[in-house]
Amino acid sequence: MHNAPSSGSDLLRKLLIDARAVSSNVVGISRKLLIDARPVSGNVVEISRKLLGHARLRLSTVDNLSRKLLIGAWAMLGTVLVGTVVWIFFTEDSIYAELERQQPSISMTFAGEGNAPAKHSRNGAPRAKNREKKEVGTKRNTDAGRRAAQPNTSENKKTNLPLAKKPLLSKKLKKFTLRLHPHPDPQLVERATIGPLPIVSKDGRQAWRVYSRPFSKLEKKPRIAIVFIDLGVSADATEAVIQKTPGAVTLAFAPFARRLKDWINISRSAGHEVLVALPMEPLDYPNSDPGPYTLLSSLSIKQNKQRLRWVLSRLTGYVGVSTFMAGEFTTKPGALKPVVSELKSRGLMMLDVRENPLSNAVGIAKKLRMPVAARDIFLDEIATGKNIRARLAQAEEIAKRRGFAVAIARPYPISVTEVSGWAENVRERGLALAPITAIAQESLK
């Protein structure tokens, strides 16, 4: 009875001893494995260090190579830029000459200029030779701010022949049967040092009447004048206006345009009345700058008149001036009145584009009994067909209510298209398309 517990206790002790032995063996094996793993781990770390060293070396090599390539690229780019600048510097004249040769042009002559009689005319015009010398002396100033190549004229001096010019127009000028008065009329020109200036003839004839497009006094329909401004800057745009719009449409040219005299000849040959834009001080001057010879309220009367005369001397055959960027100047009666008075004394009319609704131009002109017209509508402030047609309709309403209206357009393709289409059947709508002088005439009644 007492032997059973003793046997169980012995068995338990034996199992415990065996477990300790097994545990001891496991610990021994683990220690052995750990001891064996340490060299392996050391080898792995060493290999990793070597790989990292190689990677750093290669990365350094790539970085140095990239820097060298980048420096080489910048050096090459700098060389190209310097070479380009040097090439342009030494070939500048030939570049401008080539551009000048590629520009379309037309060679035209007109009575009184270049073929003037040798003797003085009644109004004291100088001899033709003297005038040509003066024009040569001031030739560079006639195209202010622009650069033109000077061709070699040695051969022409020998043969005494003028240099040929390429035509300004890309195609033949539209046919027009109504001829305007030839220009310049010797009796309407003062031969000044800066160029020809308009004057009233001894018999009282004035440029705004003599150079105007004929318009019947018997016409009783309401009149609408369309004036395209900013012409002469773009040859393509200017040609489109001349070729596609009726002769009754008036054209206003920038005084700084290239080959201005040729454009005037072409325009008048197509039956268009011509105005010259007169740069005046804008509201935000000098942030907005109309260019050299701008009339400024800060200048003296004498200085502004000198600038005015320079603009007037750029061309002949025009009926008057149109205000250009004149938002500030036209609100200054003290500065504006002497200018308007000078224009009147020279037999010209004025179109007030009215960049500022507070303009005094019309009021001053009427007090001086000078022919004047003012803009009623801008056709293409929003240059879409729908808007232009709507603005033309507004001009029609004004004309029917008041008897006349003046609409201003810029030489945008859409403006040319819409005005041309509108003009085709204007008479069917009970209206007359009139030149600007026919509107200015109303201010004298």
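Quick notes on this structure:
- Residue pairs whose Cβ atoms lie under 7 Å apart, separated by 6 or more positions or on different chains, with the first residue in the stretch 238-251 and within 18 Å of Gly320 (Cβ to Cβ) and the second modelled with pLDDT of 95 or more and basic (Lys, Arg), are Gly247/Arg213; Ala248/Arg213.
- Only residues that are aliphatic (A, V, I, L, M) and part of a helix (DSSP H, G or I) were counted in the stretch 398-445, giving 11.
- Among the candidates Pro338, Pro357, residue that is surrounded by fewer than 20 Cβ atoms within 10 Å (Cβ to Cβ), in contact with a Lys or Arg (Cβ under 8 Å, 6 or more places away or on another chain) and either of a type outside the set (Asp, Glu) or on the phi < 0 side of the Ramachandran plot (or both): Pro338
- Residue check for Ile229: among the aliphatic types (A, V, I, L, M), over 22 Å from Pro184 (Cα atoms) and at pLDDT 95 or above: yes
- Failed item, numbered, when Pro255 is tested on (1) in a helix (DSSP H, G or I); (2) within 20 Å of Met349 (Cβ to Cβ); (3) within 18 Å of the chain's Cα centre (by Cα): (1)
- Scan of the stretch 167-220 for residues that are over 18 Å from Ile439 (Cβ atoms), exposed (fewer than 13 other Cβ atoms within 10 Å of the Cβ), of a type in the set (D, E, K, R) and modelled with pLDDT of 90 or more, ordered by number: Lys202, Asp203
- Scanning the stretch 301-314 for residues that are surrounded by fewer than 24 Cβ atoms within 10 Å (Cβ to Cβ), more than 21 Å from the chain's Cα centre (by Cα) and aliphatic (A, V, I, L, M) gives Ile301, Leu308.
- Failed condition for Ala395, given (1) surrounded by fewer than 18 Cβ atoms within 10 Å (Cβ to Cβ); (2) touching a residue at least 60 places away in the same chain (Cβ under 8 Å); (3) closer than 18 Å to Val249 by Cβ: (1)
- In the stretch 226-252, the qualifying residues are those that are of a type in the set (A, V, I, L, M, F, W, C) and assigned to a strand (DSSP E or B), and the one that is farthest from Tyr318 (Cα to Cα) is Ile226.
- Residue in the stretch 406-414 that is over 22 Å from the mean Cα position of the chain (by Cα), charged (D, E, K, R) and within 21 Å of Ile224 (Cα to Cα) present: no
- Among the residues of the stretch 409-436, those identified as within 26 Å of Tyr318 (Cα to Cα), polar (S, T, N, Q) and surrounded by fewer than 22 Cβ atoms within 10 Å (Cβ to Cβ) are Thr417, Ser420.
- Applying the condition of being under 28 Å from Phe256 (Cβ atoms) and of a type in the set (Lys, Arg) to the stretch 147-166 and asking which residue is modelled with the lowest pLDDT yields Arg147.
- Of all residue pairs spaced 6 or more apart or on separate chains, those with beta-carbon atoms under 8 Å, a first member in the stretch 405-423 that is within 18 Å of Val274 (Cβ to Cβ) and touching a residue at least 40 places away in the same chain (Cβ under 8 Å) and a second member that is part of a loop (DSSP other than H, G, I, E, B) and among the polar types (S, T, N, Q) are Pro411/Ser234; Val416/Thr245; Val419/Thr245.
- Test: residue in the stretch 226-233 that is aromatic (Phe, Trp, Tyr) and within 19 Å of Leu444 (Cβ to Cβ): no
- Pair list, Cβ under 9 Å, 6 or more apart: the stretch 68-88 residue at pLDDT below 75, other residue surrounded by 10 or more Cβ atoms within 10 Å (Cβ to Cβ): Ile88/Ile95
- Selection of the stretch 258-291 for residues being touching a helix residue (DSSP H, G or I) at 6+ places or on another chain (Cβ under 7 Å), among the hydrophobic types (A, V, I, L, M, F, W, C) and outside any strand (DSSP E or B) yields Trp263, Ile266, Ala270.
The values are calculated or read from the model by the stated rules, or taken from the named source; none is laboratory data. This is a predicted model, so every value here is computed, not measured. No Cβ is skipped: glycine too gets one built from the backbone with ideal geometry, and neighbour counts run over all protein chains shown.
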